[in-house]
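Encoded as structure tokens, the structure appears first; notes follow it.
The values are calculated or read from the model by the stated rules, or taken from the named source; none is laboratory data. Because the structure is a prediction, the values reported are computed rather than measured. Virtual Cβ from ideal backbone geometry, glycine too; neighbours counted across all protein chains shown. Side chains are part of the model used for accessible areas, which takes the heavy atoms of the whole protein and leaves out ligands, DNA and RNA. Shrake-Rupley method; radii C 1.70, N 1.55, O 1.52, S 1.80 Å.
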Amino acid sequence: MTATMPDLEQQFEQTIERDQRIEPRDWVPEAYRTTMIRMIAQHAHSEIIGMQPEGNWITRAPSLRRKAILLAKVQDEAGHGLYLYSAAETLGADRGELTAKLIAGKQKYSSIFNYPTLTFADVGVIGWLVDGAAICNQVPLCRSSYGPYARAMIRICKEESFHQRQGYELLMTMMRGTEEQRRMVQDATNRWWWPSLMMFGPPDADSSHTAQSMAWKVKRHTNDELRQRFVDMTVPQAEALGVTLPDPHLRWNAEREHYDFGDIDWSEFKQVVSGNGPCNAQRIAHRRKAHEDGAWVREAAAAHAAKLRERTA
Amino acid sequence: MVFDNAYEAITEENDSRWAFGTGFTDPLEGVDTSVPSGVDAGELEAYCLMLGDDALVFSHRLQEWCTNAPELEDEVAIANIALDLLGQARLLLARAGERGEDSYAFFRGEHEFRNVRLAELPHGDFGELIAALLVFSTWRLALLRRLTESRDPVLAAIAAKGVKEVTYHRDYAAQWTVRLGDGTDHSRERMAAGLATGWPYVDELFTPHEIEVSLAASGVAVNPAESRAEFDEVLAQVLRAATLDVPEVPGIPGVSGRTGRDGVHTESMGYLLAELQSVARADPEATW
């Protein structure tokens with residue numbers, strides 16, 4: 001006897017209700033499938049586009065140890081991208097099609113990567129703030145209702161925490177260095193602080209996807225909750241480092257037991273998300289060029305594989 | 001690590017979970033680095049720089065591929081090879097002398113770099129990359145295998161580690177050579193063109209420098225000329241599988257017989273070093 005739609009739907013709801021995982025073979029509502037593919041693809045694209053701002057400094061890293069760490073980090077990001085595209089493929093998506101959507105501007109990636117990396121201190125600040133914010137966002141996703149995504153996130157979060165530590169350790173070292181190095185760290189902090197806060201997405205009141213995503217347990221906390229958690233964790237780290245966070249309104253609120261912080265410039269966020277940030281065009285053009293330059297190589301691999309199949313048939 | 005608290009991990013004291021360790025500045029810390037009896041320390045330094053610079057400079061060219069590879073799997077693989085070679089460079093530059101790996105890498109002039117010219121050639125496309133990697137790794141693997149017998153235990157250990165890594169590099173390059181050579185007509189042309197670009201620099205790889213000859217005589221170094229037959233055999237086998245011919249192009253001479261091992265490079269080397277050294281040299285007092 002085949003299960004009827006209401007049965008399947010009920011089974012799906014119960015799986016979510018009991019905090020169990022949805023697996024690739026399970027029936028899911030089409031909207032859940034679409035939402036998960038969108039979320040996972042955006043995350044995968046972010047890993048791949050995110051290689052560019054840091055990759056910018058690999059060949060110029062000022063010590064061989066820093067070069068090795070940065071190269072390994074950027075390599076991890078390629079690995080995360082691969083892993084996530086594979087998770088999206090368990091939902092019926094295709095890596096090639098997702099990449100085509102990315103370079104056509106039809107799917108988004110994290111806006112943070114549309115800002116430029118201007119000094120080597122940016123490598124440290126990206127680790128500290130950007131990877132820090134990413135971890136805040138991603139740790140709860142280790143309990144996402146979609147099994148392959150949740151398991152991917154466990155592995156990714158482990159590696160991200162190394163990334164964050166290398167960034168913070170670089171900044172600590174630089175702050176103990178020359179006056180010029182301290183200036184670079186403060187300047188990079190000033191440039192990355194507000195974009196990092198924007199990484200958590202629009203305020204809850206304006207977030208179009210939050211309610212459904214929370215109900216499906218693909219998302220576990222609201223944007224504003226995660227943003228507050230990030231601020232609360234980062235302020236003491238900035239103090240330990242000896243840098244000032246560029247917000248005159250930042251202060252401890254004993255009543256709320258949280259830090260209050262100033263208003264985020266959401267017009268800048270909207271502008272960057274809509275495609276007009278400092279590096280949007282450059283990032284996509286770079287990805288498109290790599291993809292197009294590699295077309296003949298991928299075609300050759302496919303042709304060779306076809307020849308092998310023919311010979312063994 | 002508790003994952004609801006992953007973020008707090010960075011405020012902990014340094015511990016063994018750090019990638020690449022925390023404070024280490026000397027990759028050979030704890031290793032007996034005394035120079036074997038009867039070996040000239042200056043010659044040993046020069047020899048370590050030769051093999052170290054080969055790895056450092058070729059790794060730099062591979063790092064340039066980051067975010068530019070044809071597929072994500074190759075993004076990961078090329079970065080991996082670049083990391084392996086960077087690791088070999090660090091050990092070899094550390095073995096070279098007290099001056100330290102970073103001083104050698106960032107504060108030497110172009111004429112003091114002793115890498116072969118093949119390592120510094122820019123790659124115009126993936127065909128050139130694969131051709132250069134096939135030649136470089138086949139040559140280096142043959143060399144490192146012999147170097148595991150070195151009378152210098154430090155070099156022997158570095159070589160033993162390198163053999164495992166470069167075996168993979170050669171395999172990766174050979175597989176792509178076959179796919180591109182025996183893929184489409186277009187890829188076959190481009191792979192052949194890539195080989196033709198790199199091939200003029202092959203003879204230099206097997207022309208021993210006087211220091212290599214001298215140290216080989218005392219059992220410390222390898223005379224590269226000994227590996228030519230092995231190299232030719234491997235390349236013939238791979239190119240046969242790829243349906244490609246061994247290029248017939250003359251070797252590129254140096255200047256008055258002086259080439260990479262003597263510090264005489266191609267014009268591209270200056271740009272490579274300008275990039276490699278720019279941040280380190282902008283603030284020589286800085287600590288990273």
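Listed values, structure above:
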item: Odd one out for A:Glu255, checked against (1) among the acidic types (Asp, Glu); (2) closer than 30 Å to A:Gly177 by Cβ; (3) more than 14 Å from chain B (Cβ to nearest Cβ); result: (2)
item: Residue check for B:Arg261: over 28 Å from B:Arg190 (Cβ atoms), away from every other protein chain (no Cβ under 14 Å), of a type in the set (D, E, K, R) and surrounded by 13 or more Cβ atoms within 10 Å (Cβ to Cβ); result: yes
item: Single unsatisfied condition, A:Lys106 versus (1) touching a residue at least 60 places away in the same chain (Cβ under 8 Å); (2) assigned to a loop (DSSP other than H, G, I, E, B); result: (1)
item: Complete set of residues in segment A:258-292 that are within 14 Å of chain B (Cβ to nearest Cβ) and either in contact with a strand residue (DSSP E or B) (Cβ under 9 Å, 6 or more places away or on another chain) or open to solvent by less than 80 Å² (accessible area, probe 1.4 Å) (or both); result: A:Cys279, A:Arg283, A:Ile284, A:Ala285, A:His286, A:Arg287, A:Ala290, A:His291
item: In segment A:139-188, the residues that are closer than 30 Å to B:Glu285 by Cβ and under 14 Å from the mean Cα position of the chain (by Cα); result: A:His163, A:Gln164
item: Pairs where the first residue, in segment B:25-36, is in contact (Cβ under 8 Å) with a residue 24 or more places away in the chain and the second is part of a loop (DSSP other than H, G, I, E, B), C-beta under 7 Å, 6+ apart; result: B:Pro36/B:Arg151; B:Pro36/B:Asp152; B:Pro36/B:Val220
item: Helices (runs of 4 or more DSSP H) fully within segment B:73-182 counting 2 or more residues that are more than 9 Å from chain A (Cβ to nearest Cβ) and either open to solvent by less than 10 Å² (accessible area, probe 1.4 Å) or β-branched (Val, Ile, Thr) (or both); result: B:117-120, B:126-147, B:153-181
item: Residues of segment A:234-254 satisfying the condition of being of a type in the set (D, E, K, R) and surrounded by fewer than 13 Cβ atoms within 10 Å (Cβ to Cβ); result: A:Glu239, A:Arg251
item: Number of positions in segment B:183-215 that are closer than 30 Å to A:Leu308 by Cβ, open to solvent by 50 Å² or more (accessible area, probe 1.4 Å) and either free of Cβ contacts under 8 Å to residues at least 40 places away in the same chain or not in a helix (DSSP H, G or I) (or both); result: 3
item: Those residues of segment A:12-27 which are buried (at least 18 other Cβ atoms within 10 Å of the Cβ) and either without any contact (Cβ under 8 Å) to a residue 60 or more places away in the chain or more than 19 Å from A:Met214 (Cβ to Cβ) (or both), in sequence order; result: A:Phe12
item: Where A:Ala254 falls short, out of the listed (1) at negative phi; (2) touching a residue at least 60 places away in the same chain (Cβ under 8 Å); result: (2)
item: Looking only at segment A:116-129, and only at residues there that are surrounded by fewer than 23 Cβ atoms within 10 Å (Cβ to Cβ) and more than 11 Å from every other protein chain (Cβ to nearest Cβ), the one that is farthest from the chain's Cα centre (by Cα); result: A:Leu118
